1. How much accessible area does Arg24 have with a 1.4 Å probe, in Å² rounded to the nearest 10?
2. In the neighborhood of Tyr50, defined by Cβ-to-Cβ distances under 12 Å, what is the net charge if each Lys or Arg adds +1 and each Asp or Glu adds -1?
3. Summarise the accessible area of the range 2-111 (1.4 Å probe, protein heavy atoms) by the percent that is carbon and sulfur.
4. Keeping all protein chains in the complex and leaving out DNA, RNA and ligands, what accessible area do you get for Lys87 with a 1.4 Å probe, in Å² to the nearest 10?
5. If you put +1 on each Lys and Arg Cβ and -1 on each Asp and Glu Cβ, how big is the dipole of the range 24-82 around its Cα centre, in Debye rounded to 20?
6. So, in nm, how far is label Asp102 from label Glu138 when the simple model puts each one 7 Å beyond its Cα toward the Cβ?
7. Once the other residues with Cβ under 11 Å from the Cβ of Ile59 are scored (Lys, Arg +1; Asp, Glu -1), what is the net sum?
8. What order do Phe17, Phe11 take when sorted by accessible area (1.4 Å probe), most exposed first?
Amino acid sequence: MWLYLQLRYLFGTDLVFTDRDGYRNVVQAKRYSYPVGLGAVQEVYSSMRYYRAKRSMVIASNQYTTACEELAGHNAVKLHNRNDLIKIMDLFKAGQIEKAKDIIEGDPHMIFDSWDNYMNGDKVIKKDYKAEKRILVEQQGE
């Protein structure tokens, strides 16, 4: 099932559809002559709650910035680039609809980052002395 959205309020999504597993998906489409940045992932990911979607993806006519790919990996946003788009269109033209759906609905590239790096000393968490002082002043004034 495909749901085309009115252009008035998109909330970061250009298309909503239900996949073969019955999950609602939100799609952000970008037609850029330059690499797609973080904004596309931020918009489509934030729209998931509004549209009650389980999955999100960005389809672009170009490549993605490294930062965009990293954010998408941490948030399970599927990224389709120009090459994917061409392959999907060729499969549809050849009547291989299920193979095209396999690409569209495929799992996103995931990045799993461990908190161990933060806890084992290579990251320093600095105290905010100004904030602590402000809190103490507020507490003393009560």
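1. Using a 1.4 Å probe on the heavy atoms, I get roughly 100 Å².
2. +2
3. Values: 3550 of 6890 Å².
C and S atoms contribute 51 percent here.
4. Spelled out: Lys87, probe radius 1.4 Å, area about 110 Å².
5. Using Cβ point charges on Lys, Arg, Asp and Glu, the range 24-82 gives about 360 debye.
6. Calculated label separation equals 5.6 nm.
7. Net charge around Ile59: +2.
8. Sorted descending by solvent-accessible area, the residues read Phe11, Phe17.
The values are calculated or read from the model by the stated rules, or taken from the named source; none is laboratory data. On a predicted model such as this, the values are computed, not experimentally measured, just so you know. Using ideal geometry, Cβ is built from the backbone for each residue, glycine included, and neighbour counts are taken over all protein chains shown. All accessible areas refer to the heavy atoms of the entire protein, side chains included, with ligands and DNA or RNA removed. Shrake-Rupley method; radii C 1.70, N 1.55, O 1.52, S 1.80 Å.
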